[in-house]
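Have a look at the structure below before the remarks.
The values are calculated or read from the model by the stated rules, or taken from the named source; none is laboratory data. Quick caveat, the model's predicted, so the values are computed rather than measured. So basically every Cβ, Gly included, is an ideal-geometry build from the backbone, and we count neighbours across all protein chains shown. Calculation scope for accessible area: heavy atoms of the full protein, side chains included, ligands and nucleic acids excluded. Shrake-Rupley method; radii C 1.70, N 1.55, O 1.52, S 1.80 Å.
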Amino acid sequence: MSRHLDLTDDQKEKVRSILEEDKNRRMELRSQAETLKQETDGKILSVLTPEQAAQFQNGKNRRAKRPKR
C-alpha cells in the first residue's frame with residue numbers, strides 16, 4: 001500500500017497503527033461473538049429434549065465441517 005500511495009514515513013506509521021488497532025478490535029469482536037454464540041446455544045439446548053439436543057449438536061458439527069466462505 002505504501003508504495004502504491006507513495007506514503008511518507010509519518011503516514012506509513014499512522015496507517016500501521018490504524019491497521020493494528022483494527023486487527024485488535026476484530027479479534028475482540030470475534031471473541032465476543034463466539035461467547036454470544038455459546039450462550040445462545042446453551043439457551044436453545046435448555047429447551048430441547050435429549051433427542052432434539054443430539055440432533056442440534058449433530059447439525060452444528062456438520063456446519064462446522066463445511067468450508068468457510
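Annotations
- Accessible area per residue, Å², the chain with all protein chains present, probe 1.4 Å: 97
- Rounded Å value of the spacing that divides the Cα centres of segment 54-69 and segment 15-47: 19
- In Hz, Karplus ³J(HN,Hα) per residue of segment 34-42 (6.51, -1.76, 1.60; θ = phi - 60°; x = Gly, Pro): 5, 4, 4, 4, 5, 4, 5, 4, x
- Using the Cβ of Asp22 as centre and a radius below 13 Å, the other residues enclosed give a net charge of +3, where K and R count +1 and D and E count -1.
- Against the main long axis of the alpha-carbon atoms of the chain, helix 50-65 sits at an angle near 30°.
- Range of Cα positions in the chain per principal axis (Å), largest first: 62, 23, 9
- Rounded to whole numbers, the Karplus 3J(HN,Hα) couplings from phi for segment 16-28 are 4, 5, 4, 5, 5, 4, 4, 4, 5, 5, 5, 5, 5 Hz, using 6.51 cos²θ - 1.76 cosθ + 1.60 with θ = phi - 60°, and x at Gly and Pro.
- Out-of-range pairs (alpha-carbon distance over 32 Å; input Lys12/Lys65; Lys23/Lys65; Lys14/Lys43; Lys14/Lys65): Lys12/Lys65; Lys14/Lys43; Lys14/Lys65
- A Cβ-based charge dipole, computed about the Cα centre of the chain with Lys and Arg at +1 and Asp and Glu at -1, lands at about 560 debye.
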